[in-house]
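Report on the following structure.
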Amino acid sequence: MRDFFGVDASRIKHKKLFLLDMDGTIYLDNNLIDGALDFLSAIKRGGGKYVFITNNSSKSVNDYINKVNRLGISAGKENFLTSTQASAQLLLEKYGYKPIYAQGTSSFIRELKDFGLNVTTDFCAEACAVLVGFDLELTTKKLNLTAQMLTKTDAVFYATNPDWVCPVDFGFVPDCGSMCFGLTKATGKEPIFIGKPQPRMIELAMKNFGADRDEVLVIGDRVYTDIKSGINAGVDTALVLSGETTLDVLQKSADKPSFVFNSVKDMIF
Ligand SMILES: [Mg+2]
């Protein structure tokens, strides 16, 4: 197998854990990318595992399961790792059942609680951490409360994902990174981001599935998040040109993927 530039990509078929981005990689909005189902079947046939990795913390894992099932992809809870799950696991390991203040959608808060975290959305002087998600139910009241938490307490500031914007049908809306920028300007505190391009989600998936670095392949359509997270985690990466990145953008980027393909259709082994 050779990639877009003729690079030998035959080691892809020996990978055991395929960490896939979703939008732009396996589907575009509500349409499957041609060849995506066959590629996922090939992974299964080869004894590998695929896990979808997303920075979006406004939706729950169940929302994503429903979406990909509707598109004909067989996937359950074990096939997903969201920045919400990664944040919850990280905070649970660090703080156990100590109180944590969180700001995000109601499904985000519910998921954190289901994970076993002691979450509050009220002012809490004893909180060890403040966790901000991509809040599609944001109000000025919530922003005020979070700013108070960051100003009046010593809680450590975490955020699920650094994305500035989220694509919608008319263009973009501010994502978690933009919301946090406002909080940083107001309080002087900067968050520790958990999602891509940080390597934390990749490392967590490797730990959860017991995979070694050379058994992992990160696949995505964005160099500065998907590919960068793989590079930061020290694993092989494959950029697909079926989404956001053009060849021109790739050429100008300092971060180079291990492999480049037109789409996952060219990765079927
Ligand atoms: Mg994408």
Item checked: Extreme residue, farthest from the ligand (Cβ to nearest atom), among residues of the range 220-230 that are crowded, with 24+ Cβ neighbours inside 10 Å and within 19 Å of S87 (Cα to Cα) -> G230
Check: What do you reckon, is L92 within 29 Å of D175 (Cα to Cα), out of contact with any Gly (no Cβ under 7 Å at 6 or more places or on another chain) and either hydrophobic (A, V, I, L, M, F, W, C) or within 16 Å of the ligand (Cβ to nearest atom) (or both)?
Finding: no
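Conditions (1) surrounded by 20 or more Cβ atoms within 10 Å (Cβ to Cβ); (2) in a loop (DSSP other than H, G, I, E, B); (3) within 16 Å of the ligand (Cβ to nearest atom), marked per residue:
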residue	(1), (2), (3)
A205	yes, no, no
V218	yes, no, yes
N232	no, no, no
T245	yes, yes, yes
L250	no, no, yes
Check: Which one of K13, K44, K49 is in contact with a Gly (Cβ under 8 Å, 6 or more places away or on another chain) and more than 14 Å from the ligand (Cβ to nearest atom)?
Finding: K13
Next item on the list: Restrict the check to the range 61-82 and report whether at least one residue is modelled with pLDDT under 95, within 16 Å of the ligand (Cβ to nearest atom) and exposed (fewer than 14 other Cβ atoms within 10 Å of the Cβ).
Entry: no
Next item on the list: Name the single residue, out of those in the range 36-53 being part of a helix (DSSP H, G or I) and touching a residue at least 12 places away in the same chain (Cβ under 8 Å), that is surrounded by the fewest Cβ atoms within 10 Å (Cβ to Cβ).
Entry: D38
Check: What about I33, is it touching a helix residue (DSSP H, G or I) at 6+ places or on another chain (Cβ under 8 Å), within 21 Å of C176 (Cα to Cα), touching a residue at least 40 places away in the same chain (Cβ under 8 Å) and within 16 Å of the ligand (Cβ to nearest atom)?
Finding: no
Note to self: Looking for something more than 25 Å from V218 (Cα to Cα) and touching a residue at least 24 places away in the same chain (Cβ under 8 Å) - is there at least one such residue anywhere in the range 54-65?
What the structure shows: no
Check: How many residues does the range 234-243 contain that are closer than 17 Å to V51 by Cβ and open to solvent by 10 Å² or more (accessible area, probe 1.4 Å)?
Finding: 2
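The values are calculated or read from the model by the stated rules, or taken from the named source; none is laboratory data. Predicted model only: the values in this text are computed from it and were never measured. So basically every Cβ, Gly included, is an ideal-geometry build from the backbone, and we count neighbours across all protein chains shown. Ligands, DNA and RNA are stripped out before the accessible areas are found, and what is left, the full protein with its side chains, is counted by its heavy atoms. Shrake-Rupley method; radii C 1.70, N 1.55, O 1.52, S 1.80 Å.
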